[in-house]
Amino acid sequence: MSTAREEVLRRVRDALGTPPGDQAPPAPVARDYRTCGDHGAGSPALIDLLVGRLQDYKATVIRCAGDDDAIGAAVGQALRSAGAQSAVVPAGLAPVWSTEAPGVVIDTSELTAAALDKIHAVVTGAAVAVAETGTIVLDSGPTCGRRIITLVPDIHVCVVHVADVVESVPEGLALLDPARPITFISGPSATSDIELSRVEGVHGPRTLIVVLAE
């Protein structure tokens, strides 16, 4: 094994023109990439772009007022329209958001994947949303909850505040805590086989409903 490794490294050094024992200097990292967009967070142009992207990804978008009562009504509407009869919510989610949700189960660390598989839906908040890519980001915080609760149930209802919508990925990353487990969601879970047959719900929720709180 070591002989093969040395042979590979020798060929690399020969290709780079680097003498044995010397180390080629690392290539400089480009820092001139775009770090912000043209629109401020939550601007109408970004909201329209995000909605368009989400709908392209076959997600459902419900727009509502930004107060808790309106959000709770929209969440209830989303769950009823999806036919959900039970929903798990993170312990840190605002209780009023799930007052109209059926069969609410508050998540605890004792809920296993097998137990979550019997629950129809999950309701969470979001840490940030990126309009340019139509991506919602969960950071495992109090309103997002454990990653497992957003991967096992078949329906995900996610509340996104317009103030948390930014234009570009670098802007979104700057708002996240890199020490937290991060989940990026771009539409319902889906994959395609070699014949390009789309299959949804393979490694996450089959249905994504975004409640956009304005």
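The values are calculated or read from the model by the stated rules, or taken from the named source; none is laboratory data. Note that this is a predicted model, so its numbers are computed, not measured. Every residue, glycine among them, receives a Cβ derived from its backbone with ideal geometry; neighbour counts consider all protein chains shown.
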Among the candidates Val157, Val122, residue that is within 14 Å of Val88 (Cβ to Cβ) and under 13 Å from the mean Cα position of the chain (by Cα): Val157
Is it true that Ala163 is touching a residue at least 24 places away in the same chain (Cβ under 8 Å), over 15 Å from the mean Cα position of the chain (by Cα) and outside any loop (DSSP other than H, G, I, E, B)? yes
Positions within the range 182-197 being loosely packed, with under 12 Cβ neighbours inside 10 Å and part of a loop (DSSP other than H, G, I, E, B), in sequence order: Asp193, Ile194, Glu195, Leu196, Ser197
Could you count how many residues in the range 34-76 are farther than 15 Å from Asp164 by Cβ and in a loop (DSSP other than H, G, I, E, B)? 9
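Conditions tested, residue by residue: (1) surrounded by fewer than 16 Cβ atoms within 10 Å (Cβ to Cβ); (2) touching a Ser or Thr at 6+ places or on another chain (Cβ under 6 Å); (3) at pLDDT below 95.
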| residue | (1), (2), (3) |
| --- | --- |
| Met1 | yes, no, yes |
| Val8 | yes, no, yes |
| Ala24 | yes, yes, yes |
| Ala27 | yes, no, yes |
| Ala87 | no, no, no |
| Leu93 | no, yes, yes |
| Ala101 | no, no, yes |
Selected residue (criterion: surrounded by the most Cβ atoms within 10 Å (Cβ to Cβ)) from residues of the range 124-140 that are part of a loop (DSSP other than H, G, I, E, B) and in contact with a Cys (Cβ under 7 Å, 6 or more places away or on another chain): Gly125
Within the range 105-123, count every residue that is in contact with a helix residue (DSSP H, G or I) (Cβ under 7 Å, 6 or more places away or on another chain), surrounded by 19 or more Cβ atoms within 10 Å (Cβ to Cβ), more than 14 Å from Val211 (Cβ to Cβ) and not acidic (Asp, Glu). 1
Of the residues that make up the range 147-158, is at least one assigned to a loop (DSSP other than H, G, I, E, B), touching a residue at least 12 places away in the same chain (Cβ under 8 Å) and of a type in the set (Lys, Arg)? no
Near pairs, Cβ below 9 angstrom, 6+ apart or cross-chain, from the range 50-70 (free of Cβ contacts under 8 Å to residues at least 60 places away in the same chain) to any residue that is of a type in the set (A, V, I, L, M) and assigned to a helix (DSSP H, G or I): Asp68/Val96; Asp69/Val96
So, Pro153, is that one farther than 28 Å from Pro44 by Cα and out of contact with any Gly (no Cβ under 7 Å at 6 or more places or on another chain) or not? yes
Number of positions in the range 77-116 that are among the aliphatic types (A, V, I, L, M), part of a loop (DSSP other than H, G, I, E, B) and in contact with a Leu (Cβ under 8 Å, 6 or more places away or on another chain): 1
Before we move on, is Thr143 surrounded by fewer than 23 Cβ atoms within 10 Å (Cβ to Cβ), assigned to a loop (DSSP other than H, G, I, E, B), touching a residue at least 60 places away in the same chain (Cβ under 8 Å) and not small (Gly, Ala, Ser)? no
